[in-house]
Amino acid sequence: MKIQKLKVKSFNFYLVVFTFSFLVFTFNCYADTVYLKDGTTEKGLVVEEFYDRFIFSTPDGEKALLKSKIDDVFFDESYQNNLYLGKRFEDSGDFEKALRFYKMALVSNPLFKEAEEAIKGLEDSKWRFKKTWTYRKLKAMLAGQLGIGLKKSEEKIIINTLTPEAEKEGGLMKGDAIIRCWSGPLTYAGLKNASRCLIGLSNTILEVTIERNIKTDSASGIKLFSPLVISMEYEGPTVKLIRNDSPFYKIGLREGDLITAINNESTRYMKLAEVRKGILKSPKGKIITIRRGLVLMRKRSENGIAKAMWVWHTKEILLEESARKELLEFCKAKNIRQLFFQLQYRFSPAGPETVCRLLYETRLRSFLKEAHARGLVVYALDGSPDFCLEQNHKLVFAQVKAILDFNKNGATQERFDGIHYDNEPYLLPAFQSSLKEEIINQFVALNREAKALIGQNGVKLEYGIDCPFWFDEVDSLYKRLIDICDIVGIMDYRNFALSPDGMIAHAMNELKYASQVQKKIIVGVETSRYPKQQVYFVSVLSADEFNKKAKEPDSPLMKSRFLGFSLRAHTNGANTYIGLVRPDDADEEKFIQALSELEMLFGRIRKVEGQEALDTLTFDIIKAISENPEYKDIRVVEYQAPDSKACLMFAADEIMLEKLTFADLTEEDMNNVLKEAKAEFENYPAFAGFAIHYYRSYRELCNKRK
């Protein structure tokens, strides 16, 4: 954060020193006029503007006029009218007209600082226009960009916390009140509105005016003729000259400081001599209130962006204290703020219903309590492609009910903060058939009904899911899901930010839409790499045959696994190739039995007579399978079927593409990519941070030597 000294701004703060008789003359001849919505008018001088009101000086004293009750304001000076009209156009989103009126104000008065600031602040207004953020998100952005936290005191916006960098380089201090940013007043704005005004694009400047109380208790050697020059400027009494060895310099006064009060008495109507006397006569034990202009730099910071992390294989973490401690310490070290924590559970029938029983409840409550004490937000996590189908929805609803009951019966710190599902319907082989739309509709219905079930219980529990980035290519699927959920994790699995195939490009549609409908997007990245595994394709079906098989009652194509093995279906449009994944530790006999039963269901690939015909068949199948870049080293395996006829199967090495994961890179490499992506993502209010998949692999990546 950088600091530059600014000359203190005009605050719609027309400080003039005159007698009561001169005031009366001014009100009658040169007055600002406020037209109220009730049909009445007020004449006087606008001496200060706050976020929601004007301070109006009249012969009867000052009065506050709320902007909500004002129909229009006509200033005596044309440049003030142009500024006022410009702000109205800016608020309505007509930035071109706003700029025109601000420039007209400067033509009328080239020294009018507020018009200069209004022009500088237009880019921020354009960026913020029609965007909405939760206050929680705004606080995180403030902490990240400016290194500050705010509180409200007597309607002023006070810096409550700040980083050493913000104090050292930004010139800020704890207890400072932020009075304005650019030309906009913040007093009476409230914390959310004020925070919204302060945030902006990363690596952009922000001009603010702070108010600070300087106590003279520590000053020594102050005399009536101490080297301190105060002059009456347009804005009010201002420090014009101060030596570095001056006692006033040592207590914090600086050139350009506008002195607004002495011992809480406003200087607005003081003569210059009264101001000097008020400060220099018996100076010890006084409070001098000043306003100072600063230029801050909004920076990029990991601290301002939430990180989430998927945690699978949680049994060990729940049962072993050392594993639990290691996880929590890792979260602290890597700025992890949210956990998607896999449930341990068991389904069991209860008459016509299915119930879900959470396992290790006591240990789970203990973990949640400790995680919350460390500031973590914890979501209950589970997922299966099979859950997406209507006949399995009851399992998800049983889980949701179990979580709701678990939360209901526990103390606040022992409850889940949300529910997060990683159900991936496209892993069902039938997703590639004519049943795709039906599967999608069932998947959408599952999430809608699960979210409704939470709402029926009247509890505050966030509901979120994971989706691949390419769901934006499937009609309006991504919009339908964002509309339902509170937060959506986009599996944006790329290890580079830029290019049309990069992380930024793939997340744009989701971020833009979620920002419009005020939902949250968390961008997921991969750090794991599944090992190379063999897939054996044993059947080939035409498109029509595949569709028919998918529609059969209890079709294996409507499940992600077959006899304990992962089921694969690769289609090139004309044909679909059916096979099973053979894990390295697979029981050979069971795997062969599963392949045999798969053949019986979908048919075998018969070896044809004649070498040329055989070469053509194998070439066509290998070419079709190789269209999927994840299948490498495709080879033909001949075998004897039970009917003694020669058959073929095609074995392929299934690999994970390098671009999908950071597994082969370093933590520094990953952080650099995330920073690059974040610079674009944080321009969208929906962006709620990155999610790392997953704990074990991320830990291994962080432990990797460069």
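The values are calculated or read from the model by the stated rules, or taken from the named source; none is laboratory data. Treat the numbers as computed from the prediction; the structure is a model and nothing was measured. All Cβ positions, even for glycine, are placed from backbone atoms using ideal geometry, and neighbour counts span all protein chains on display. SASA here: full protein model, heavy atoms, side chains in, ligands and nucleic acids out. Shrake-Rupley method; radii C 1.70, N 1.55, O 1.52, S 1.80 Å.
Protein heavy-atom accessible surface, 1.4 Å probe, per residue over the chain: 47 Å². Restricting attention to region 103-199, which trypsin sites (Lys or Arg not before Pro) occupy a DSSP loop and are surrounded by at most 15 other Cβ atoms within 10 Å? Passing both the DSSP loop test and the Cβ count: LYS130, LYS131, LYS174. Classified by the C-alpha gyration tensor, region 29-102 has a prolate form. Its axis ratio a/c, with a ≥ b ≥ c, is 1.5 or above, and a/b is larger than b/c. Rounded, prolate or oblate, given the Cα gyration tensor of region 449-595, with a/c below 1.5 counting as rounded? Note, shape of region 449-595 comes out prolate.
Considering helices alone, the calculated mean residue ellipticity of the chain at 222 nm is -10500 deg cm²/dmol, with DSSP H runs of length four and up weighted by -39500 (n - 2.57) and normalised per residue. Estimated at 0.36 nm per residue, the fully extended path between SER626 and LEU498 surpasses their Cα-Cα distance by 43.4 nm.
Rounded if a/c is under 1.5, else prolate if a/b beats b/c, else oblate: with a ≥ b ≥ c from the C-alpha gyration tensor eigenvalues square-rooted, which is the chain? Prolate is the answer for the chain, as a/c is 1.5 or above and a/b outweighs b/c.
Taking 0.36 nm per residue of sequence separation and subtracting the Cα-Cα distance, how much length would be gained by fully extending the chain between ASP544 and ASP475, in nm to one decimal? Length gained, ASP544 through ASP475: 22.5 nm.
Multiplying the residue separation of GLU588 and LYS394 by 0.36 nm and subtracting their alpha-carbon distance yields 66.4 nm. Based on Cα contacts under 8 Å between residues 6+ apart, the chain shows a relative contact order of 10 percent.
Normalised by the number of residues in region 113-162, the mean separation of alpha-carbon contacts (under 8 Å, six or more apart) gives a relative contact order of 20 percent.
Within straight cross-link reach of LYS607, meaning Cα distance under 27 Å, which lysines are found once same-chain residues fewer than 8 apart are removed? Straight-distance partners of LYS607: LYS548, LYS549, LYS590, LYS623, LYS632, LYS645. Geometric descriptor of region 393-437, per residue, is 81 Å³ (volume of the convex hull of the Cα atoms).
Using a probe radius of 1.4 angstrom, the carbon and sulfur fraction of the accessible surface of the chain is 50%. Taking every Cα-Cα distance in region 560-614 and sorting them into 5 Å bins starting at zero, the pair-distance distribution P(r) comes out as 4, 16, 22, 21, 17, 12, 7, 2 percent.
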